[in-house]
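Presented below is the structure to which this report refers.
The values are calculated or read from the model by the stated rules, or taken from the named source; none is laboratory data. Just so we're clear, the structure is a prediction, and the values are computed from it rather than from any experiment. Cβ: placed from backbone, ideal geometry, glycine included. Neighbour counts: every protein chain shown. Keep in mind that these areas ignore ligands, DNA and RNA; they rest on the heavy atoms of the full protein, side chains included. Shrake-Rupley method; radii C 1.70, N 1.55, O 1.52, S 1.80 Å.
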Amino acid sequence: MKGTLGRSGFHGSGRLPLGLLCLGAVSLGATGVKAQTAPDFSSVRDEIRRALVAWDQPSMAVAVALGGEVVWEEGFGWADRERRIPATEHTMYSLASISKPITATGLMILVERGLVDLDAPANAYLGPARIDGRAWDAARATVRRVASHTAGLPLHYQFFYEDEPYRRPHMDETIRRYANLVTAPDERWNYSNLGFGILDYIIERVSGQSYPDFMRDEVFHPLGLTRMSVGIGPGLEDFTATRYATDQSPIPFYDFDHPGGSAVFSSAHDLVRFGMFHLGHDLDHQRRIISDASIEAMREPIRESAPADAYGLGWVVRELPGGLLLQRHGGGMGGVRTELAIAPEENAAVVVLSNSATPLTGYISSLIWHTLYPAAVPKPEPPEVPDPHRLAREGILEDAADGGAPLIEFTPMPDLAGEWVGEVDTHLGPHRLALAIDDGGRAHVQLGDDLWALLNNARFDGEYLRGGFRGDIGTEDANRTDYVLSVELRLRGDTLNGSVTAITLPNVRLGNALTHWAELRRR
């Protein structure tokens, strides 16, 4: 079914035709969404300084553009506390998932050159390791669907710290182990870092260059972004902010097996200029790397991703209650919390970057948008300052592991009552998986020959059974950390299928989420 983006958000599940929500076709200015003529950011500046002290956070950098001009950019605090290096607007921060619209921009260059077809199977551009369709046709996992998190690929992140002995495998190996479709293509929106790891690998295979080299030569240099790179480029080490854990200790440098989703570093100055490029500005020292039509195609909503959000090609489109339409992406991982948002009809862009994982970044971004458009954006409430001991203990995975969550009351699951038996499949082979669910909603699970265990936090919404338990999935990847197994299985007649994900328990360091295909049948 086709959808629309009304005042209450995107509705429907089908891909929208280009033009139905072309941001250039919506005149928000006529509805009274107007910025101050000369914005005064002094109150925001004061609030940043207050919040950094209150939260004991190392630093933040911001940049704001209006009407094709950067009207404010500034750094606060310490990019590196130990070396007493102050943060500036030119300090390079790890961007985490803001890497996704940047990678998608690189992908569109290859699309315009006729080297990649968005509606071709992603497997057409891969090597010997390919996406496994499992219960579905992998050919329906198109490049467009991979880039919009609708291909059916799973939750995935896997980190490799330089002070540990583990190193990132070749992308073919990651694909072989984890690129399973856990839902049917175009069935639902399911955020997948692995998908953007596959996209950066497609860029490499099609262009003949490494992903970092292609992005440098075809995106960063043509746009004049000298403080933007995949990873920390040679000679840029001293300009990069150190990432800090929730206990304020420096985090050793880390890598991951999804660079296209997470690996870009940038200064606030360069990131706001990237945003201005997507607003259609031809800035000094920039050349147009993709057409206006491609820029519009990237912001075209493909599927609802949250009640007021829709996802395009690497971009989230969000309509705020006051009528302001934003094109944005955030990022978060160990020692990182970032925000980039542009308002195409208002010709505005806002960047907020931090080298610690706290909610301050989103709060300050909202405060800047309120300062620009007070009639359209409510003034946000500052986040509550946490107990530092609790913050250090919980880390940044607040709700990732059902197995570590408090028990909730059991609710009846008459559609699922009975015994279910099947397998969870890992790259080392399958394990028997069984479920026993009584009429009152109590669910027990057995993995292999282990003892039966309670499926913690079990709940069923009419489609998906979810819960978590402790168990040993038996792979070296999962067993690098202490983890729980998070279950998400969809009821399809007398079959339950979907995913069992090994998710690292909350810690000061961000761990892994490694997803495996599972299917059970009613006995």
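Details
- Qualifying positions in the range 505-523 - open to solvent by less than 10 Å² (accessible area, probe 1.4 Å) and in a loop (DSSP other than H, G, I, E, B): Gly511, Asn512
- Candidates Ala502, Ala458: the one that is assigned to a strand (DSSP E or B) and modelled with pLDDT under 95 is Ala458.
- Val70 surrounded by 20 or more Cβ atoms within 10 Å (Cβ to Cβ) and β-branched (Val, Ile, Thr): no
- Test: residue in the range 137-155 that is over 15 Å from Asp186 (Cβ atoms) and either in contact (Cβ under 8 Å) with a residue 12 or more places away in the chain or in a loop (DSSP other than H, G, I, E, B) (or both): yes
- Meets criteria (β-branched (Val, Ile, Thr), outside any loop (DSSP other than H, G, I, E, B) and either more than 29 Å from Thr150 (Cβ to Cβ) or open to solvent by 10 Å² or more (accessible area, probe 1.4 Å) (or both)) for Ile342: no
- Out of Val219, Val230, sole residue that is among the hydrophobic types (A, V, I, L, M, F, W, C), at pLDDT 95 or above, closer than 27 Å to Ala61 by Cα and open to solvent by 10 Å² or more (accessible area, probe 1.4 Å): Val230
- A single entry from Tyr157, Tyr178, Tyr161 fulfils the requirement of being touching an Asp or Glu at 6+ places or on another chain (Cβ under 9 Å), open to solvent by less than 20 Å² (accessible area, probe 1.4 Å) and over 20 Å from Ala139 (Cβ atoms): Tyr161.
- Only listed residue being in a loop (DSSP other than H, G, I, E, B) and not β-branched (Val, Ile, Thr), chosen from Glu300, Glu296: Glu300
- Filter result for Gly323 (at pLDDT 95 or above, assigned to a loop (DSSP other than H, G, I, E, B) and open to solvent by less than 20 Å² (accessible area, probe 1.4 Å)): no
- Looking only at the range 467-504, and only at residues there that are open to solvent by 30 Å² or more (accessible area, probe 1.4 Å) and among the acidic types (Asp, Glu), the one that is nearest to Ala417 (Cα to Cα): Asp494
- For first residues located in the range 193-209 and under 13 Å from Tyr178 (Cβ atoms) and touching a residue at least 60 places away in the same chain (Cβ under 8 Å), partners that are outside any helix (DSSP H, G or I) and open to solvent by 20 Å² or more (accessible area, probe 1.4 Å) and lie 6+ apart or on another chain with Cβ distances below 9 Å form the pairs Asn193/Leu155; Asn193/Tyr157; Leu194/Leu155; Leu194/Tyr157.
- Filtering the range 408-436 to residues that are without any contact (Cβ under 8 Å) to a residue 60 or more places away in the chain, of a type in the set (A, V, I, L, M, F, W, C) and open to solvent by 10 Å² or more (accessible area, probe 1.4 Å) leaves Ile408, Phe410, Ala417, Leu428, Ala436.
- Residue check for Gly208: surrounded by fewer than 16 Cβ atoms within 10 Å (Cβ to Cβ) and at positive phi: yes
- Taking the range 161-264 as the region of interest, the helices (runs of 4 or more DSSP H) fully inside it that hold 3 or more residues being in contact with a strand residue (DSSP E or B) (Cβ under 7 Å, 6 or more places away or on another chain) are 211-215.
This table checks each residue for (1) open to solvent by less than 10 Å² (accessible area, probe 1.4 Å); (2) assigned to a loop (DSSP other than H, G, I, E, B); (3) closer than 30 Å to Ala357 by Cα.
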residue: Tyr93; (1), (2), (3): yes, no, yes
residue: Ile98; (1), (2), (3): yes, no, yes
residue: Thr105; (1), (2), (3): yes, no, yes
residue: Ile109; (1), (2), (3): yes, no, no
residue: Gly114; (1), (2), (3): no, yes, no
residue: Asp117; (1), (2), (3): no, yes, no
residue: Asn123; (1), (2), (3): no, no, no
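- The range 186-196 - residue that is of a type outside the set (Asp, Glu) and surrounded by fewer than 23 Cβ atoms within 10 Å (Cβ to Cβ) and, of those, nearest to Gly330 (Cα to Cα): Tyr191
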